[in-house]
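Comments concern the structure below.
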Amino acid sequence: MPRQFDETTTLADMESSCIFTIAAVTADPAASALAERTQAWLPLLDAERELTRQEHLAEVTLRAQHHLAHWHLDETCNDFGNHLLLALAKDTSNPRWRAHFDQRLSSFVRQPLHAQMLKVKSWLSASSDPVLETFRERLSSTVSAVESSLAKLEERRLITAARHQRRIQLAEKLTAERDALHDELSSIAREKGLDRNWPNAFFYVEPRRTKVKDEPSED
């Protein structure tokens, strides 16, 4: 019987199995009339592979943009913090410092991104510190860039879920068509009096691995 494809079957494995069947059907005179039934298989796989590649390209591009936006936010926070420290003669007990940072600057940029963004947005909405004013535009633009990249990544998650469903449908379609081909081959076998296992020969089966016995050790 043909191997059943599912969402865990890779495109490469589907393709190898389909090519095997296409080649076998084409080569056998008793089955070659059914070759037309297999013509759509490889174009289906090619279309899915190209679509998957385009989606992967878009996803990696967005992740790179998000990474860069996050990096710029950290750099801007570092620059702002260092300039504020200089203005305060590095006095981290000064109320102006405490109004913006409740931890070391190095720790501030290593905290979870969401917490960092909330803190920066609170500065922009509530602080009028003169040093902050010189960084307001940079902080505002970097926060906006990170928010935008996060929103786009969330959209990609929905596309990834749709891709998973599409892959299931492709696997089911190819499995159904291969099963139908097997049925037709079985009909031919009955009509021509061929071996009942003849239809199975057109579908690739992973060879069983034979266990190699350990060789006796030499004392």
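The values are calculated or read from the model by the stated rules, or taken from the named source; none is laboratory data. Owing to the predicted nature of the structure, the values given are computational and were not obtained by experimental measurement. Heads up, the Cβs are rebuilt from the backbone with ideal geometry, glycines too, and the neighbour counts pull from every protein chain shown. With ligands, DNA and RNA removed, areas are computed over all heavy atoms of the protein, side chains included. Shrake-Rupley method; radii C 1.70, N 1.55, O 1.52, S 1.80 Å.
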(message) So HIS114 ticks every box in (1) modelled with pLDDT of 95 or more; (2) farther than 15 Å from PHE80 by Cβ but one. Which box is left unticked?
(response) (1)
(request) From the list LEU158, LEU185, pick out the single residue that is within 26 Å of LEU45 (Cβ to Cβ) and either open to solvent by 50 Å² or more (accessible area, probe 1.4 Å) or in contact with a Cys (Cβ under 7 Å, 6 or more places away or on another chain) (or both). (result) LEU158
(message) When you scan the range 25-38, do you find a residue that is of a type in the set (Gly, Ala, Ser) and outside any helix (DSSP H, G or I), even just one?
(response) yes
(message) Looking at the structure I just gave you, is GLU191 surrounded by 13 or more Cβ atoms within 10 Å (Cβ to Cβ) and either touching a residue at least 60 places away in the same chain (Cβ under 8 Å) or over 18 Å from THR8 (Cβ atoms) (or both)?
(response) no
(message) Step by step: first the residues of the range 84-104, then only those that are under 16 Å from SER127 (Cβ atoms) and not in a loop (DSSP other than H, G, I, E, B), then the one that is most open to solvent (accessible area, probe 1.4 Å). Which residue is that?
(response) ARG98
(request) Looking only at the range 60-68, decide whether some residue is in a helix (DSSP H, G or I) and over 18 Å from the mean Cα position of the chain (by Cα). (result) yes
(message) Quick check on this structure: which one of SER140, SER148 is within 30 Å of LEU68 (Cβ to Cβ), in contact (Cβ under 8 Å) with a residue 24 or more places away in the chain and among the hydroxyl-bearing types (Ser, Thr, Tyr)?
(response) SER148
(request) Could you give me the residue pairs with C-beta distances under 7 Å whose first residue belongs to the range 1-16 and is under 12 Å from LEU174 (Cα atoms) and open to solvent by less than 70 Å² (accessible area, probe 1.4 Å), whose second residue is part of a loop (DSSP other than H, G, I, E, B) and of a type outside the set (S, T, N, Q) wherever it lies, and which are 6+ apart or on separate chains? (result) PRO2/PHE203; MET14/PHE5
(request) Take THR175 and decide whether it is of a type in the set (S, T, N, Q), open to solvent by 100 Å² or more (accessible area, probe 1.4 Å) and either touching a Phe, Trp or Tyr at 6+ places or on another chain (Cβ under 9 Å) or modelled with pLDDT under 95 (or both). (result) no
(request) Residues being β-branched (Val, Ile, Thr) and within 14 Å of ARG37 (Cβ to Cβ): count how many of those fall in the range 180-207. (result) 1
(request) Looking at (1) touching a Leu at 6+ places or on another chain (Cβ under 8 Å); (2) among the β-branched types (Val, Ile, Thr); (3) closer than 22 Å to MET14 by Cα, find the lone condition where VAL205 falls short. (result) (1)
